[in-house]
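What follows is a short report on a single structure.
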Amino acid sequence: MADKGKKELGMSFEQRLEKLEALAQNMEQGTSSLADLLKDYEEGMLLSQSLEKELEQARARMLEVKSGKAGKPSIKPSDVVEQGSLLDEWKAEE
Amino acid sequence: MTLTVEELNEYVRRSLASDPMLRGVCLRGEISNFKRHVSGHWYFTLKDANSAISCAMFRQSALGVSFAPRDGRQVKLYGSVGLYVKTGQYQFYAEAMEPDGMGEMFALFEERKQRLAKEGLFDPALKKPIPLLPKGIGIVTSKTGAVVHDIARVAWRRNEGMPLYLCPVLVQGQGAAEEIAEGIALLDGLPEVEVIIVGRGGGSMEDLWAFNEEIVARAIAACATPVISAVGHETDFTIADFVADLRAPTPSAAAEMAVQPRQGLLQTIVGLRDRVEHAAEFGVGERQYRLSTLERRIGECDPDKRGQAMLSRLREARQRIEALCEGFLRDKAHAVEQKKIRLRASGPEATLLRGYAIVLRQGKPVPGAAGVCAGDNLDVIMSGGTLGVSVTAVAKEEGFWLTKEKKSLE
């Protein structure tokens, strides 16, 4: 199970979403054994949790990327878009 | 003041070189007398209706020109004015060359589009899908202008957590194409960037020209990260649009394509989770129902219950057998009674009644007088009782019955 969890972490958001869809479909067919059903259920809950978590994880920020010395990109907070002001701007729109 | 020719030429060269007006010049005209030297330098004349000027473009600059110049082409040259001291000829040193005029640009655009299409750069099979939830979005556009604001506003409205990585570049003029290409490669190298938007706001075909340059097309084609192009307005098409994995009509639309609404994604996930939950509940419930049904059916086949049924059948059978036996026995008893009566009628009792007696010695019948001696104790059974008799004398007379008979006969 731990192994499986790790494998799922390696999967992309789309892949996990697709997997969840496939699980739901498979379970709804009602042809799987009880053991498989419960296994699918457990996996489905883990998948949906990880998907939701990933959706929540990102934090809004605007970063500026420039090519630095030795071709290494330098990344710094951008002065172009003041994140706060822009966030306020679209919140005000709503 | 007397000067050598060289001194004069050198003086004029320097004064030309020091004039800021003659540096960073953009010169337009028609190419004629175009010559490609073995060294890689280009020499030609640029002319318009009434004038002409000698032009040189050195190998390093010529390498950056992405189309083939030839006589008759309308071009724009970027460079400076100088003097070639050896010949005293004044000329234009071109550092960059661009097609000039709508007709020229359109012809070039078509030629390049066809060539790259033939090469397979626009192959739909090469188009990469845009991820549903990228870790971050790279943006290659100008640091100034509305594009970056538009993208940020739309992206954050749809998913307020989306990190944006801006690579500020020139989007028009000399060096713009190179910067755009570099920016794409730079963002492609960042693992946090999972989709790249390349674009700029609206403008003339000339303004958008950098996005028609081959170097940009190749950078997009080489980019492993999916690229969304958003150049100008909906009606503007550039080479970059054909190579990109997805073409957005405007920068705002590009942001919509790159960022799925967080709420929608959440609903999809929750909806799927509910389906999984329901399917599991239903699956377990259905099995529970099947189990209880089976339990009931099995309960009905309980050996105890079955035994009870057998037992009652057995009892019933026994009762019937008993009833039958009773009847049979009654019949038999009756028959025996009848026989007894009949026996009695023909048995010794009747005979005894007629006056006969049975003689027993020690419980055994005595068949005749022959075995009897005087002194024997005999039992004489008669009708109505038994006599204990002692024999006083035995007269063995053979013809008792005979004499009797004789007597009676006599």
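For this structure, a couple of remarks:
- Shielding score for A:36-46, defined as the mean number of other chain Cβ atoms within 10 Å: 3
- Averaged over residues, the count of other Cβ atoms within 10 Å places the peptides B:11-19, B:255-263 in the sequence B:255-263, B:11-19, highest first.
- The simple spin-label model puts a point 7 Å past each Cα toward its Cβ; for B:Ile341 and B:Thr392 those points are separated by 4.5 nm.
- Over 20 Å (Cα to Cα) - which of A:Lys53/A:Lys76; A:Lys66/B:Lys143; B:Lys113/B:Lys143; A:Lys53/B:Lys128; B:Lys35/B:Lys76 fall in this group: A:Lys53/A:Lys76; B:Lys113/B:Lys143; A:Lys53/B:Lys128
- Projected over every direction and averaged, the convex hull enclosing the alpha-carbon atoms of the stretch B:70-162 yields 11.4 nm².
- Proxy reagent accessibility, fewest Cβ within 10 Å first, across A:Arg61, B:Arg200: A:Arg61, B:Arg200
- 10 Å Cβ neighbours from other chains, averaged over peptide B:158-168: 6
- Average beta-carbon neighbours from other chains, 10 Å sphere, peptide B:144-152: 3
- One decimal place: the segment B:Asp71-B:Ser51 gains 5.6 nm when fully extended, by the rule 0.36 nm per residue minus the C-alpha distance.
- B:Ile358 versus B:Lys127: modelled label distance in nm, points set 7 Å from Cα along the beta carbon direction: 13.1
- Ordering of B:234-243, B:189-198 by burial proxy (mean other Cβ atoms within 10 Å per residue, highest first): B:189-198, B:234-243
- Under-5 Å amide H pairs with B:Glu95, H placed in peptide plane, nonlocal only: B:Tyr78, B:Gly79, B:Ser80
- Summing Cβ point charges (Lys, Arg +1; Asp, Glu -1) relative to the Cα centre of the stretch B:227-344 gives a dipole of roughly 2420 debye.
- Compactness of the stretch B:1-129 was expressed as the Cα radius of gyration divided by 2.2 N^0.38 Å, which yields 1.35.
- Computed 3J(HN,Hα) for the stretch B:289-297, one whole-Hz value per residue from the Karplus formula 6.51 cos²θ - 1.76 cosθ + 1.60 where θ = phi - 60°, is 4, 4, 5, 5, 4, 5, 4, 4, 5, glycine and proline marked x.
- Equivalent ellipsoid of the protein assembly as shown: semi-axes from √(5λ) of the C-alpha gyration tensor, largest first, are 137, 23, 18 Å.
- Under 5 Å between amide hydrogens, built in the peptide plane, is the criterion, and for A:Leu63 it picks out A:Ser78, B:Leu164, B:Tyr165, B:Leu166 among residues at least 5 positions away or on other chains.
- 3J(HN,Hα) couplings calculated from phi for the stretch B:313-322 with the Karplus curve 6.51 cos²θ - 1.76 cosθ + 1.60 (θ = phi - 60°) are, in sequence order, 5, 5, 4, 4, 4, 5, 4, 5, 5, 4 Hz; Gly and Pro show x.
- Net dipole in debye of chain B [+1 Lys, Arg Cβ; -1 Asp, Glu Cβ; about Cα centre; nearest 20]: 3300
Every number here is computed from the coordinates shown, using simple stated rules; none is lab data. In this text, all values refer to a predicted model and were calculated from it rather than measured experimentally. Glycine gets a Cβ as well: all are built from the backbone with ideal geometry, and neighbour counts include every protein chain shown.
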